[in-house]
1. Local charge sum around Gly158 (other residues, Cβ-Cβ under 9 Å, Lys/Arg +1, Asp/Glu -1)?
2. Assuming R0 = 25 Å, can you tell me the calculated FRET efficiency for the pair Glu217 and Asp155, based on Cβ-Cβ distance, to the nearest 0.05?
3. Once you charge only the Cβ atoms, +1 for Lys and Arg and -1 for Asp and Glu, what is the size of the charge dipole of the range 17-219 about its Cα centre, to the nearest 20 debye?
4. At Leu121 and Leu96, where each label point lies 7 Å from the Cα along Cα→Cβ, what is the point-to-point distance in nanometres?
5. Give the peptides 204-213, 84-93 in descending order of average Cβ contacts within 10 Å, highest first.
6. Give me the net charge of His215's neighbourhood, meaning all other residues with Cβ under 11 Å from the Cβ of His215; Lys, Arg count +1, Asp, Glu -1.
7. If we sort 132-144, 186-198 on the protection proxy, mean other Cβ atoms within 10 Å, highest first, what's the order?
8. Explain nothing, just compute: Karplus ³J(HN,Hα) = 6.51 cos²θ - 1.76 cosθ + 1.60, θ = phi - 60°, for every residue of the range 100-117 in order, whole Hz, x for Gly and Pro.
Amino acid sequence: MKQLVLLAALCAGHASGKDLSEKVFTFPVESATSSVKLIANVAQPLTVLTMCMRFFSSLTRAQSLFSLDIPSQSNAFLLFKPSVDVYRLHINGAALDISGLPDETNEWNSVCWTWDSTSGLTALWVNGKRSPRAIMGASVSLSGVPSIILGQDQDSYGGGFDQSQSFVGDITDVHMWDKVISPCEIRFYMDGSAFTPGNLLSWNNLRFSTTGTVHEEQSDFNKSCF
């Protein structure tokens, strides 16, 4: 029996994903249930991360963009937007507000977030502009199977959703790496140019499941539009 469980886990770990190039996840309504669960290729504790994504929303209230929890810690790696022009970074429960970056309502926003626990240095890029580097999560190691959710803030591992913090709009091009990618790679991503896809999460080969009112639609963010 144990061998069958192990075999199933190994097969799931190597299951192929879906190419979502030119696609978006659309969250059309406020909801306490609508979400997308992402399955990352994680084989060791997370100590260095870069996450990039694009989103389009008309909301001015608080909303969750990217939520990664581990069994022992909620808000382990959470990108939250408390209001227009403000982004809130959470690492291992600690929080930092970032403001002063170009932030658009009813337009596509391209976001990349880097973090290295060795130094604790973290930075947020929005629409080609970088925040000042800050220190968060120095010497922190995120251990255990991560629960990664788009569209909701996890107040508990894999759940605890709050409709008033739910995302409404479109999300696309989600990638995550187990390293701090270079500023050039970030700019390539921001511009819609060719870049190296994420090795933990790749929009070009994404394993995911949807719950509630979430739709796959054609993207209108395309480099040919520039």
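1. Working: positive: Lys37; negative: Asp69.
Combined, the nearby Lys, Arg, Asp and Glu give 0.
2. Working: r = 28 Å, r/R0 = 1.13.
The computed FRET efficiency comes out at 0.30.
3. Details: 13 positive and 20 negative charges, 82 e Å.
That gives a dipole near 400 debye.
4. Placing both labels 7 Å along Cα→Cβ, they lie 1.1 nm apart.
5. Details: 204-213: 15.5, 84-93: 18.3.
Those peptides, ordered most packed to least, come out 84-93, 204-213.
6. Values: positive: Lys23; negative: Asp170, Glu216, Glu217.
For residues surrounding His215, the net value is -2.
7. Values: 132-144: 14.7, 186-198: 17.0.
In decreasing order of mean packing, 132-144, 186-198 become 186-198, 132-144.
8. x, 9, x, 9, 10, 9, 6, 9, 6, 10, 9, 10, 9, 10, 10, 8, 10, 5
Quick note: the coordinates plus some simple rules give every number you see, no bench work behind them. What you are looking at is a predicted structure, and each value in this text was computed from that prediction instead of being measured. Quick reminder, even Gly has a Cβ in these numbers, built from the backbone with ideal geometry, and neighbours come from all protein chains shown.
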